[in-house]
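Novice: Sharing a structure below in structure tokens format, with a few things to ask.
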């Protein structure tokens, strides 16, 4: 596959001075022309799965001394927050290879590595595609992206003795917490305590609440493949997923930024600074360095 744009990039600080890696895997908004030609959706509808402008909301990360990895290719094209081969047999004109996972809940919902739908259950394609098309996207986008993320995490761990991955996402404005009806502004996901220390998760919640936001932990989003795959607290590698309510910063119908977009980005810069200070206090503490 060839592309007329850079598929992803790392925005590096002058010197990495904190043990954080920020990652925005779903904010890509550059759509290959060939992909747009294949989809049945218009140019607005195909964007419904984006984590709109999340890379911009976390753009201050390098100024705090942390790298920010961000995708330019869209989630609807290939989703790096999945296993490498979560593929839906209903999408393809060829049989799937034996190593494909076609039985996951994400595949059943149409949201595999190469998605079948965008949000609101809108089908992306008019017809089945050759399996080779999906495999080419995985080779061109998915594998290099994860290779880059692994390098950033390994470098961070080697330099500081531990590391914290913040996986940055957004969620629809109509999300409610089951049983309470509460509409959270943020959800902090740690895979129910398996991808990060409880202390780190609690600190993130308290910092967000201190900034005036309604924040909850794990429900309804506990973290996806990236959080689960890279979070290894016993080895001093912690991964948190941060979900932001989109209605805070965009009009979800037009996808245009709201006037208070910059204010939210400013709040997130404060949050990143607070997290950096909190982890600095833990630098010699085995509670974080090796859970």
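Novice: Answer rounded, prolate or oblate for region 118-212, using the Cα gyration tensor with square roots of eigenvalues a ≥ b ≥ c: rounded when a/c is under 1.5, else prolate when a/b is larger than b/c, else oblate. Don't skip to the answer; put the middle values down first.
Specialist: Details: a/c = 3.20, a/b = 1.20, b/c = 2.67.
Oblate.
Novice: Rounded if a/c is under 1.5, else prolate if a/b is larger than b/c, else oblate: which is the chain, with a ≥ b ≥ c the root eigenvalues of its Cα gyration tensor? Don't skip to the end; give the middle numbers.
Specialist: On the way: a/c = 1.68, a/b = 1.42, b/c = 1.18.
Taking the square roots of the gyration eigenvalues as a ≥ b ≥ c, the chain is prolate.
Novice: Would you please calculate the Kirkwood hydrodynamic radius of region 4-69 over all C-alpha pairs and express it in Å, rounded to one decimal?
Specialist: 13.5 Å
Novice: With a ≥ b ≥ c taken as the square roots of the eigenvalues of the C-alpha gyration tensor of region 134-291, please select rounded if a/c is under 1.5 and otherwise prolate if a/b is larger than b/c or oblate if it is not? Before the final figure, lay out each step's value.
Specialist: Working: a/c = 1.69, a/b = 1.22, b/c = 1.38.
It is oblate, given that a/c is not under 1.5 and a/b is not larger than b/c.
Novice: Now for a different question. Give the percent of DSSP beta bridges with both residues in the chain that are antiparallel, rounded to the nearest 5.
Specialist: Working: 13 of 34 bridges.
The antiparallel fraction comes to roughly 40 percent.
Novice: So, one more: Using a Gaussian network model on the chain with a 10 Å cutoff between Cα atoms, which of 276, 61, 100 fluctuates the most?
Specialist: For the chain, modelled as a Gaussian network with Cα springs under 10 Å, the answer is 100.
Novice: Compute the projected area of the convex hull of the Cα atoms of region 35-158, averaged over all viewing directions, and report it in nm² to one decimal place.
Specialist: Details: hull surface 35.1 nm².
Mean projected area of the Cα convex hull: 8.8 nm².
Novice: Let me ask something additional. Provide the packing ranking of 46-55, 125-134, i.e. peptides ordered by the mean count of other C-beta atoms within 10 Å per residue, highest first.
Specialist: Values: 46-55: 21.4, 125-134: 14.3.
Most protected by this proxy first, the peptides run 46-55, 125-134.
Novice: I've got another one for you. Select from 111, 205, 44 the residue whose mean-square fluctuation is largest in a Gaussian network model of the chain (Cα-Cα springs shorter than 10 Å).
Specialist: 44
Novice: Of the listed peptides 167-173, 36-42, what is their order by residue-averaged count of other C-beta atoms within 10 Å, with the highest listed first? It would help to have the intermediate numbers written out before the result.
Specialist: Numbers: 167-173: 20.6, 36-42: 13.3.
Listed from highest to lowest mean packing, they are 167-173, 36-42.
Novice: Kindly put 24, 104 in sequence by how many other C-beta atoms sit within 10 Å of each C-beta, fewest to most.
Specialist: Details: 24 26, 104 17.
Ranked by crowding around the Cβ, least crowded first: 104, 24.
Novice: Which of the peptides 258-271, 76-89 is most tightly packed, and how do the rest follow, going by the mean number of other Cβ atoms within 10 Å of each residue?
Specialist: Numbers: 258-271: 15.6, 76-89: 21.9.
Per-residue Cβ counts within 10 Å, averaged per peptide and sorted highest first, yield 76-89, 258-271.
Novice: Most fluctuating residue of 245, 101, 174 in a GNM of the chain with Cα springs under 10 Å: which is it?
Specialist: Largest GNM mean-square fluctuation: 174.
Novice: Between residue 36 and residue 177, what's the calculated FRET efficiency when r is the beta-carbon distance and R0 is 41 Å? Round to 0.05. If you can, show how the numbers build up before the last one.
Specialist: Numbers: r = 36 Å, r/R0 = 0.89.
Approximately 0.70, to the nearest 0.05.
Novice: Could you tell me the distance between the Cα centroids of region 1-74 and region 188-207, to the nearest Å?
Specialist: Computed from Cα coordinates, the inter-centre distance equals 24 Å.
Here, each number is a calculation from the coordinates, and none is a lab measurement. Worth saying up front: this structure is predicted, and the values here are computed from it rather than measured. So basically every Cβ, Gly included, is an ideal-geometry build from the backbone, and we count neighbours across all protein chains shown.
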